[in-house]
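Beneath this line is the structure, given in structure tokens, with notes to follow.
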């Protein structure tokens, strides 16, 4: 598995992003997962930690509208799993950010998670609608 961590990427259109993923020379499907701080202006920063069984992507602090992104190639045996734990003030949530068991959620190879004041939202492609998946705990 190849992983590239990125912070605050510029917006990339769907056709250009598909070409970028192909350029990674993956033998399997390439994916990009992003976590965006979509919390209200004036909110405390979003803190997060993401990892897989093989790769710890570290702890990160995101200000409003900042994101943390990583790219990787799917495992040949299709058992890739990345989880994230997010903290916002006294609230937190842990969830699977990517799982080979649900790759249909990222058909274009792009998965976006957005933290909002009422919970965590997911968008499974470059231009789709956000859908609430989790409430803060």
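Kindly provide the set of residues from the range 109-137 that are touching a helix residue (DSSP H, G or I) at 6+ places or on another chain (Cβ under 8 Å) and at pLDDT 95 or above, ordered by number.
Looking only at the range 109-137, we keep the residues that are touching a helix residue (DSSP H, G or I) at 6+ places or on another chain (Cβ under 8 Å), and these are 109-111, 122, 124-127.
Hit for the range 109-137 is 122, nothing else.
Note on the range 122-137: residues that are free of Cβ contacts under 8 Å to residues at least 40 places away in the same chain and within 21 Å of residue 63 (Cβ to Cβ) total 2. Each residue in the range 99-121 was checked for being over 20 Å from residue 29 (Cα atoms) and free of Cβ contacts under 8 Å to residues at least 24 places away in the same chain, and 1 of them qualify.
When you check residue 7 against the structure, is it closer than 28 Å to residue 135 by Cα, surrounded by fewer than 13 Cβ atoms within 10 Å (Cβ to Cβ), in contact with a strand residue (DSSP E or B) (Cβ under 7 Å, 6 or more places away or on another chain) and at pLDDT 95 or above, yes or no? Break it down into steps so the answer makes sense when it comes.
Working: closer than 28 Å to residue 135 by Cα: yes; surrounded by fewer than 13 Cβ atoms within 10 Å (Cβ to Cβ): yes; in contact with a strand residue (DSSP E or B) (Cβ under 7 Å, 6 or more places away or on another chain): yes; at pLDDT 95 or above: no.
Criteria not met by residue 7.
Would you point out which residue out of 39, 57, 21 is surrounded by 16 or more Cβ atoms within 10 Å (Cβ to Cβ) and at pLDDT below 90? It would help to see each step written out before you state the result.
Numbers: 39 fails: at pLDDT below 90; 57 fails: at pLDDT below 90.
Result: 21 is the single residue among 39, 57, 21 that is surrounded by 16 or more Cβ atoms within 10 Å (Cβ to Cβ) and at pLDDT below 90.
Please verify whether residue 71 is over 27 Å from residue 40 (Cβ atoms), in contact (Cβ under 8 Å) with a residue 24 or more places away in the chain and part of a strand (DSSP E or B), treating the condition exactly as stated. Yes, satisfied. The set of residues in the range 95-108 that are surrounded by 13 or more Cβ atoms within 10 Å (Cβ to Cβ) and either assigned to a loop (DSSP other than H, G, I, E, B) or at pLDDT 95 or above (or both) comprises 95, 97, 98, 106, 108.
The values are calculated or read from the model by the stated rules, or taken from the named source; none is laboratory data. None of the values given here were measured: they were computed from a predicted structure. Glycine also receives a Cβ, built like all others from the backbone with ideal geometry; neighbour counts cover every protein chain displayed.
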